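Read-outs: derived from the displayed coordinates by stated rules, not from any lab. Nothing here was measured: the structure is a model prediction, and the numbers come from that model. Here Cβ is always computed from backbone atoms with ideal geometry, including for glycine, and neighbour counts include all displayed protein chains.
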Amino acid sequence: MTIESLSLWWSLNGPGDPLEPLAGDHDCDVAIVGGGFTGLWTAYYLAQADPRLSITVIEKERVGFGASGRNGGWCSALFPAGPHRIASEFNRAAAIDMYTTMHEVVDEVGRVVAQHDIACGWRKGGTVHTARTAPQLARAHEEIAEWREFGFGEADYRFLDRQEAAAMVSAEGVLGGAYTPHCAAIDPLALLRGLLTAVLEAGVTVVEGTAATSIEPGRVTTERGVVTARHVIRATEAYTSQLGDGVRAIAPIYSLVIATEPLPDEIWRTIGLADGQTFNDLRHMIIYGQRTHDNRIAFGGRGAPYHFRSKIDPAFDRDDSVHEALRETLEMMFPVLTGVEITHRWGGPLGVARDWWAGVEYDPKTGVGAAGGYVGDGVGTSNLAGRTLADLITGADTKLTSLPWVNRRRRRWEPEPLRWVGANAALLAMYGADANERRSGKPSRIADGINQLLRG
């Protein structure tokens, strides 16, 4: 498999010029393991905060090899824990602060894109959550009611009736939905490449082809030498499970994506998405889509199995049954796409914390920090992680360092085989819940129970 086959984005952007690997032992102020969005955003804001810092980013493969270069291209304000859940563990103010900050994240990424003239197809068209069954429509109403309870008005979240939803995205059988402006459709690898250029220009050292074998206070041991640093940051997301005791910290769950051929104007007049909206529907098994900057639909979703002992393998990036199910779902949503060529099929692991709550950690005594567990919402959330880690490392006391995902104690995943049994049973249950809702027209109680178990 070639590097260009990793995703549509790698195909469109090309392989790029590889960076040199680590050339023996190395000293720096900050060592960051992982050359994805978390690692580069952290380096970017650190270099801004204190240009005197020597910063080294260590990447095992190529920058953007993981989820950062393979995702569906949503830069959103989504956070795995909803406002009710945050308020129940902390308080109402903490929930409001978290989501107000997440809304600001999208504009902050847009600001960086504009400042550095990054050609990543940035279109802030928001997200349409379509409802195509009665239970989905009920969830749209419930979602809007929750936002109103926490003081967020129509400028942030609003209900769509049938006509309003269809005007944005003309999905088959649409009954209504919900809309938020807090999302941009992007080419994620192009964004990451632009960010890479910015950090290199700021004096950050980035090495590729350098596998870290252990992360400890004050040092990162790699296959090519030891990096000694006062601050050591793990930014490895799903690949955390492959490092030492990380196997129970993060579970790598696969998400798969397809992309159509570029579509003609007559098809787009039927589908909509004229303002660059991202879209999904409110089923339990997550799906997500966007109109790409070259007029394709990139469409992805969960559904691939969790692999025993958190195994990650390139063979798992493609699953014929899941990719075919995505194609069938896309054609059911948009019958006009029946028979359209699917030109790209790909996938990869994303990082899931046991309690479905992303986190940022930093211990000033050891100088060790980490961020991740984004549950597939990492393009935007990683920006907030990078800014927060920069504040924590430099000792700045800001509103970011007091948010309810900072240094929060998270549950660890169960040991095998319980993790394998539970994760895949939950997957089958969500499939069953969606099928039952389509047949009965009534909300699934099974899905609610599974969600409580997973997040409990």
**OP:** Decide, for the range 56-100, between rounded, prolate and oblate: order the square roots of the alpha carbon gyration tensor eigenvalues as a ≥ b ≥ c, take rounded if a/c falls under 1.5, and otherwise choose prolate if a/b is larger than b/c, else oblate.
**Re:** prolate
Original post:
Where the centre of each part is set by its Cα atoms, how far does the range 390-456 sit from the range 354-368, in angstrom?
Top reply: 18 Å
Original post:
On alpha-carbon atoms, Rg over Rh for the chain using Kirkwood Rh?
Top reply: 0.95
Subject >> Separation of the Glu328 and Asp27 label points, Cα + 7 Å toward Cβ, nm >> reply: 6.2 nm
**OP:** Find out how many positive minus negative residues lie around His307, taking Lys and Arg as positive, Asp and Glu as negative, among other residues whose Cβ is under 13 Å from that of His307.
**Re:** -1
Subject >> Student exercise, the range 1-143 dipole from Lys, Arg, Asp, Glu Cβ charges, in Debye to nearest 20 >> reply: 720 debye
**OP:** Provide the convex hull volume over Cα atoms per residue for the range 230-354, in Å³.
**Re:** 147 Å³
Original post:
Using the Karplus equation 6.51 cos²θ - 1.76 cosθ + 1.60 (θ = phi - 60°), what ³J(HN,Hα) coupling, rounded to whole Hz, does each residue of the range 122-129 give in order, writing x for Gly and Pro?
Top reply: 4, 9, 8, x, x, 10, 9, 8
Subject >> Order of His129, His293 - criterion: other Cβ atoms within 10 Å of each residue's Cβ, fewest first >> reply: His293, His129
Subject >> Stretch gain in nm, segment Ala274-Ala202, where the contour uses 0.36 nm per residue and the Cα spacing is subtracted >> reply: 22.2 nm
Original post:
What is the antiparallel percent of DSSP beta bridges lying wholly in the chain, to the nearest 5?
Top reply: 70 percent
Subject >> Cα centroid of the range 130-172 to Cα centroid of the range 74-102, whole Å >> reply: 19 Å
Subject >> Exposure proxy ranking, count of Cβ atoms within 10 Å, fewest first, for Ile58, Ile215, Ile312 >> reply: Ile312, Ile215, Ile58
Subject >> Rounded to the nearest 20 debye, dipole of the chain from Cβ charges on Lys, Arg, Asp, Glu >> reply: 1160 debye
**OP:** Between Glu216 and Glu142, with labels modelled 7 Å along Cα→Cβ, what's the label distance in nm to one decimal, could you check?
**Re:** 4.9 nm
**OP:** Rounded, prolate or oblate: pick one for the range 311-456, where a ≥ b ≥ c are the square roots of the eigenvalues of its C-alpha gyration tensor, a/c under 1.5 means rounded, and failing that, prolate if a/b is larger than b/c, else oblate.
**Re:** prolate
**OP:** Determine the sum of side-chain charges near Glu437: Lys and Arg each +1, Asp and Glu each -1, restricted to other residues whose C-beta is under 15 angstrom from that of Glu437.
**Re:** +3
Subject >> Ranked Phe159, Phe299, criterion: other C-beta atoms within 10 Å, fewest first >> reply: Phe159, Phe299
Subject >> In order through the range 235-251: 3J(HN,Hα) via Karplus (6.51 cos²θ - 1.76 cosθ + 1.60), integer Hz, x for Gly, Pro >> reply: 10, 10, 6, 4, 6, 4, 5, 9, 10, x, 7, x, 4, 9, 7, 9, 9
Subject >> Solvent-free Debye scattering, log10 I(q)/I(0), computed from the Cα coordinates of the range 100-168 at q = 0.16, 0.17 Å⁻¹ >> reply: -0.72, -0.78
Subject >> the range 116-249 pair-distance distribution - Cα-Cα, 5 Å bins, rounded % >> reply: 2, 8, 12, 12, 10, 10, 11, 11, 10, 9, 5, 1, 0
Original post:
What spacing in nm lies between the two simple spin-label points modelled at Glu4 and Tyr431, each 7 Å away from Cα in the Cβ direction?
Top reply: 3.5 nm
Subject >> Extension gain, Ser88 back to Arg445 (0.36 nm per residue minus Cα-Cα distance, nm) >> reply: 126.4 nm
Original post:
So what's the back-of-envelope 222 nm ellipticity for the chain, counting only DSSP H runs of four-plus at -39500 (n - 2.57) apiece and dividing by all residues, rounded to 500?
Top reply: -11000 deg cm²/dmol
